[in-house]
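Enquirer: The following block contains the structure, expressed as structure tokens.
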2 protein chains.
Amino acid sequence: MNNDFKPYYAVIFTSTQNENIESYSKMADKMEALAKQQDGYLGIDSARDHVGITVSYWDSLDAIKNWKQQSEHLQAQQKGRTVWYSWYNVKICKVEREYEFTTSSPPISKH
Amino acid sequence: MNNDFKPYYAVIFTSTQNENIESYSKMADKMEALAKQQDGYLGIDSARDHVGITVSYWDSLDAIKNWKQQSEHLQAQQKGRTVWYSWYNVKICKVEREYEFTTSSPPISKH
């Protein structure tokens with residue numbers, strides 16, 4: 001266990017898409033590129049089959065708030081509601097503990 | 001905003017798989033069925049493309065601990081490390097806030 005673990009935040013975004021998803025992936029790529037430029041951005045995980053799950057990681061609640069209000073992201077959120085998504089859910093979470101397994105190199109640990 | 005929001009917990013499991021994934025989906029289905037029988041289980045979201053993301057939801061840290069130690073789940077974890085996964089990461093999170101959008105019915109809200 002890592003005793004130096006510093007809590008950070010995760011935003012779990014789950015969604016189902018409408019039939020009409022033209023221009024979606026271009027926007028998704030752009031939003032990911034923009035998010036990476038935000039202060040406090042730590043990373044992202046994303047996968048889609050029946051449901052889409054995108055988890056983004058941030059160093060503070062303020063960083064999440066600032067990204068939510070970023071102007072191009074606001075436009076994408078609006079288009080998400082009118083065009084792309086039939087449903088979505090957003091959960092703001094505090095990551096309290098974390099562990100990892102890998103076969104390619106020893107598990108990450110801080111000392 | 002929902003002022004009655006009761007915090008709960010999310011376990012974010014991200015993974016990459018080995019080539020050899022025979023018998024994986026059968027195990028994954030069984031583990032999902034078993035998790036649903038655990039006390040404190042609230043739900044699950046799962047998607048996979050380049051990376052797999054499974055987020056399970058629980059009403060307490062004890063519920064997460066009990067599921068981690070469930071006997072058949074322990075066997076699956078062992079097989080995960082030796083056969084299925086080349087890498088995985090587990091994050092234990094407290095869900096502090098949540099909101100939802102849907103076109104099919106009004107957003108869920110409690111009063």
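The values are calculated or read from the model by the stated rules, or taken from the named source; none is laboratory data. Small disclaimer: the values here were computed from a predicted structure and weren't measured. Cβ coordinates were reconstructed from backbone atoms using ideal geometry, including for glycine residues, and neighbour counts include every protein chain displayed. We work out accessible area using only protein heavy atoms, side chains counted, and drop any ligands, DNA or RNA first. Shrake-Rupley method; radii C 1.70, N 1.55, O 1.52, S 1.80 Å.
Enquirer: Rolling a 1.4 Å sphere over the protein heavy atoms, what is the accessible area per residue of segment A:8-110, to the nearest Å²?
Expert: 55
Enquirer: I'd like the accessible area for A:R81: 1.4 Å probe, protein heavy atoms, all chains in place, Å² to the nearest 10.
Expert: Only protein atoms counted, so the area is about 80 Å².
Enquirer: From a point 7 Å beyond the Cα of A:E22 in the direction of its Cβ, which residues of segment A:58-91 have a backbone N at a distance under 17 Å?
Expert: Only A:79-80, A:82-85 pass the distance filter.
Enquirer: Check each of the GluC sites (Glu not before Pro) in segment B:1-94 and keep only those in coil by DSSP with at most 14 other C-beta atoms within 10 angstrom; list them in order.
Expert: Filter output for segment B:1-94: B:E19, B:E22.
Enquirer: Restricting to lysine pairs 8 or more places apart or on different chains, what number in segment A:8-110 have Cα atoms under 21 Å apart?
Expert: Number of lysine pairs found: 19.
Enquirer: Sticking with this one: Distances from A:F101 to the same residue in each other copy, label points 7 Å out along Cα→Cβ, in nm, shortest first?
Expert: 3.7
Enquirer: While we're here: Can you list the distances in nanometres, one decimal and ascending, from the B:K6 label point to the identical position in each other copy, with the point 7 Å along Cα to Cβ?
Expert: Relative to the other copies, B:K6 has label-point distances of 3.5 nm.
Enquirer: Cα centroid distance between segment A:67-98 and segment B:60-80, in Å?
Expert: 31
Enquirer: Any idea what the A:D39 label distances to the other copies are, label 7 Å down the Cα→Cβ vector, nm, shortest first?
Expert: For A:D39, the inter-copy label distances come out at 4.6 nm.
Enquirer: Around B:R48, what is the net charge, scoring Lys/Arg as +1 and Asp/Glu as -1 over all other residues with Cβ under 10 Å from its Cβ?
Expert: Result for the local shell: -1.
Enquirer: Size of the dipole of chain A about the Cα centre, Lys and Arg at +1 and Asp and Glu at -1 on the beta carbon, nothing else charged, in debye to 20?
Expert: On the way: 13 positive and 14 negative charges, 50 e Å.
Dipole size: approximately 240 debye.
Enquirer: Rounded to the nearest 10 degrees, what's the angle between the helix B:24-37 long axis and the longest principal axis of chain B, both from Cα atoms, 0 to 90?
Expert: 40
Enquirer: Here is a follow-up. Is it possible to state the helix-based mean residue ellipticity at 222 nm for chain B, with each DSSP H run of 4+ residues giving -39500 (n - 2.57), the sum divided by total residues, to the nearest 500 deg cm²/dmol? What is it?
Expert: It comes out at -8500 deg cm²/dmol, rounded to the nearest 500.
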